[in-house]
């Protein structure tokens, strides 16, 4: 059976490195009725990751919104119809999610960064004839399915119905907390490529009904390493890459003895050996993501590798 190993950059005390949890929050503080369909608020910053500005693909521009403490909200009218004003029975609604109308944001890793995404929380609000349902999807499956939804903490105005669909079960217009997305599995673990999230509102009660999001918090953890540490050993080569087998070859210009240590993403050492322009047997490693540290003549480098 083929096993997937990805050897990435690791926490090593002698290297310039960063690793840890993060929460990146969008508060939409600079959004007004005239700022168009892109949030002008500076996006959150996390070492090793880039967060772009929220944007909206919607039928019209924002309506008036000023949240608590004067902060803005990302809210647009003319959401897809399907509910009747004042009707709190979900099974009576006739509308459906429109994949062409959404708010979106993208998380992009910098070079040398591996990251995991664990969840999203956000605050919602609707106008008097606004949406009664909303959902979140991602580029991980080309926006095909709704992400795992829950209400945490509990909120009597909100619930989740079959299909991971959020439901406004009361005809409320105030801001509501508790909307939670749980991210897990290989689609959101050990990532080295961008992920985009889209927020969809639908089953509005009338034309002009809006859907508002605020305080969107994206959580996860990230591992970064400086490029100077990455290339400290002259002529370092690690091959084949990708590797279809159990033997990894490591060579360098100095052709000196190398100390090779392999760690999992939690920083635990799982393999340690010494080689001299020769091979490393990785057959005993379980499938997963790893990072490898190579030291030669007092110089250290880190490499990433995929074993198929």
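The values are calculated or read from the model by the stated rules, or taken from the named source; none is laboratory data. Just so it is clear, the structure is predicted and the values come from calculations on it, not from any experiment. Ideal geometry is used to build each Cβ from the backbone, glycine not excepted, and the neighbour counts take in all protein chains shown.
Cβ-Cβ below 6 Å, separation at least six or inter-chain, first residue in the stretch 78-89 and without any contact (Cβ under 8 Å) to a residue 24 or more places away in the chain, second surrounded by 14 or more Cβ atoms within 10 Å (Cβ to Cβ): which pairs?
Matching pairs, first to second residue: none at all.
Please enumerate the residues belonging to the stretch 76-105 that are buried (at least 17 other Cβ atoms within 10 Å of the Cβ) and not in a loop (DSSP other than H, G, I, E, B).
76, 81, 90, 102, 103, 104, 105 - these are the residues of the stretch 76-105 that are buried (at least 17 other Cβ atoms within 10 Å of the Cβ) and not in a loop (DSSP other than H, G, I, E, B).
Which one is nearest to residue 255 (Cα to Cα), of the residues in the stretch 287-298 that are surrounded by fewer than 18 Cβ atoms within 10 Å (Cβ to Cβ) and at pLDDT 75 or above?
Let us first name the residues in the stretch 287-298 that are surrounded by fewer than 18 Cβ atoms within 10 Å (Cβ to Cβ), namely 287-288, 297-298.
From what's left, at pLDDT 75 or above: 297-298.
Working: 297: 10, 298: 13 Å.
My answer is 297.
Condition first: modelled with pLDDT under 95 and crowded, with 18+ Cβ neighbours inside 10 Å. Now tell me which residues in the stretch 190-204 satisfy that.
Residue satisfying the conditions is 191 alone.
For residue 209, work out the one condition from (1) over 17 Å from the mean Cα position of the chain (by Cα); (2) assigned by TED's automatic domain parsing to the domain that holds residue 85; (3) not in a loop (DSSP other than H, G, I, E, B) it doesn't fulfil.
Result: residue 209 passes all but (3).
Give the residue, chosen from 124, 161, 131, that is surrounded by fewer than 16 Cβ atoms within 10 Å (Cβ to Cβ) and over 17 Å from residue 184 (Cα atoms).
Working: 124 fails: surrounded by fewer than 16 Cβ atoms within 10 Å (Cβ to Cβ); 131 fails: surrounded by fewer than 16 Cβ atoms within 10 Å (Cβ to Cβ).
Step by step, each of 124, 161, 131 is checked, and only 161 is surrounded by fewer than 16 Cβ atoms within 10 Å (Cβ to Cβ) and over 17 Å from residue 184 (Cα atoms).
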